[in-house]
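Undergrad: Handing you a structure now.
The values are calculated or read from the model by the stated rules, or taken from the named source; none is laboratory data. Note that the structure is a prediction, hence the values are computed from the model and not measured. Note that each Cβ is placed from the backbone with ideal geometry, even for glycine, and that neighbours are counted across all protein chains shown. Heads up: the accessible areas ignore ligands, DNA and RNA and are worked out on the full protein's heavy atoms, side chains in. Shrake-Rupley method; radii C 1.70, N 1.55, O 1.52, S 1.80 Å.
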Amino acid sequence: MRGKKGGAACGDRVQIQTVGSGSQGVIERILPRTALLYRSDAYREKLIAANITQVVIVVAAVPSFSEELINRCLAAAENQRLKLLIVLNKADLVQATRTAAAKLALYSELGYALLELSARDDPATLLSYLRGHLNVFVGQSGMGKSTIINALVPEAKRATARISTALDTGRHTTTHARLYELDEHSGVIDSPGLQEFGLYHMSSEELAWGFIEFRPYVERCKFADCRHIREPGCALLDAVKEGRVNRRRLDFYQALVMRSGAASPA
Ligand SMILES: Nc1nc2c(ncn2[C@@H]2O[C@H](COP(=O)(O)OP(=O)(O)OP(=O)(O)O)[C@@H](O)[C@H]2O)c(=O)[nH]1
Ligand SMILES: [Mg+2]
Ligand SMILES: [Zn+2]
């Protein structure tokens, strides 16, 4: 990258100028992106991947996964108009997977594709979901993102590592995102395990949009700038009370709005 370092994300298309014998080059310009998945806190943004069309959230029963992180990924991806797929990996751990699957049932009820598999036996079932997309695999450390990618793309030879059972976490084995082609029209990006998925850059309006089942209700609230916390005439709060929207999702949304200090719509 010429000048200031950084700025490009895995999946970016760039214009380069070759230097010397032509075996090296400098990035002159990042071409316009169709999508950008990134996270942020109050101080900075961290790019995850660019130009992707589908986000594959990889979870597993062991180590235990954070449902809050799933909701954050969903909200970010929805706001980039990306397709989503949730993969429950390590299905060979039968007992633990059953409990995890029960938790995830909510997301398939919402309409998200949910696929149970084991990277150890048959990740090929995943291929049909990935074709035709530039996919980015995201999730906590130790869920098996790199193991699945190795099974799909043997040349990838991504490092993988045993999880820490003492800490119930992965070991942050993958340190850099990398793109692998599946065929001419499809690719997968392996990315480092996420501990957090800050959404500081999203307004409360965008956050609410990121919860797909809220959409029919939020436009019926009495106040146009309703943040759906405890405002009178809030159609979303009514929908939750009447059991038409799952309370767990409202809780995740409200925690996000409060914690990220999300701005009210202008
Ligand atoms: N039992 C079982 N273990 C698996 C499966 N997939 C992956 N693992 C194991 O889970 C551990 C973590 O796998 P990784 O592929 O390194 O996980 P990751 O998501 O890439 O982790 P980071 O790179 O740290 O984000 C390794 O010991 C894998 O062998 C699976 O389907 N079943
Ligand atoms: Mg990895
Ligand atoms: Zn409302």
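Undergrad: Please give the per residue accessible area of the stretch 77-153, computed with a probe of 1.4 Å over protein heavy atoms only, in Å². Mind showing how you got there, number by number?
TA: Numbers: 3240 Å² over 77 residues.
Computed with neighbouring chains in place, this is 42 Å² per residue.
Undergrad: Rounded to the nearest angstrom and ordered from largest down, what semi-axes does the equivalent ellipsoid of the stretch 139-266 get from its C-alpha gyration tensor (root of 5λ)?
TA: Computed over the stretch 139-266, the values are 39, 17, 14 Å.
Undergrad: Quick one: among Asp122, Asp183, Asp92, which has the greatest mean-square fluctuation in a GNM of the chain with alpha-carbon springs under 10 angstrom?
TA: So, out of Asp122, Asp183, Asp92, the one fluctuating most is Asp183.
Undergrad: Given contacts defined as C-alpha pairs under 8 Å and at least six residues apart, what's the relative contact order of the stretch 54-176, whole-number percent?
TA: Relative contact order of the stretch 54-176: 30 percent.
Undergrad: Could you compute how fast the chain diffuses translationally, taking Rh as the Kirkwood radius over C-alpha pairs and applying Stokes-Einstein at 4 °C with viscosity 1.567 mPa s? Give it in µm² per second.
TA: 65
Undergrad: How large is ³J(HN,Hα), in whole Hz, for each residue of the stretch 58-65 in order, when computed from phi with the Karplus curve 6.51 cos²θ - 1.76 cosθ + 1.60 and θ = phi - 60°, using x for Gly and Pro?
TA: 9, 10, 8, 6, 10, x, 5, 9
Undergrad: Please list, ordered by chain and number, the residues whose modelled amide H lies under 5 Å from the amide H of Ala119; skip anything fewer than 5 residues away on the same chain.
TA: Under 5 Å from the amide H of Ala119 lie the amide H atoms of Lys90, Ala91, each far enough along the sequence or on another chain.
Undergrad: Estimate the FRET efficiency between Arg131 and His176 by the formula 1/(1 + (r/R0)^6), using the beta-carbon distance for r and 22 Å for R0, to the nearest 0.05.
TA: After rounding, the FRET efficiency stands at 0.30.
Undergrad: Sort Met202, Met1, Met258 from largest to smallest accessible area, using a 1.4 Å probe on the heavy atoms of the protein chains.
TA: Output order, biggest surface exposure first: Met258, Met1, Met202.
Undergrad: Relative contact order of the chain, please, whole-number percent, based on alpha carbon pairs below 8 angstrom and at least 6 residues apart.
TA: Over the chain, the number comes to 17 percent.
Undergrad: Please report how many Lys pairs in the stretch 1-108 have alpha carbons closer than 27 angstrom, counting only residues at least 8 apart along the chain or sitting on separate chains.
TA: Summing the qualifying lysine pairs gives 5.
Undergrad: Sticking with this structure for a sec: Can you pull the percent of the stretch 48-107's accessible area that's carbon plus sulfur, 1.4 Å probe, other chains left in place?
TA: Ligands and nucleic acids excluded, carbon and sulfur reach 56 percent.
Undergrad: Sticking with this one: With the full set of protein chains in place, find how many percent of the accessible area of the stretch 139-266 is carbon and sulfur; take the probe as 1.4 Å.
TA: After summing per-atom areas, the C and S share lands at 49 percent.
Undergrad: Moving on. Enter the Cα centre distance for the pair the stretch 51-80 and the stretch 174-194, rounded to the nearest angstrom.
TA: 15
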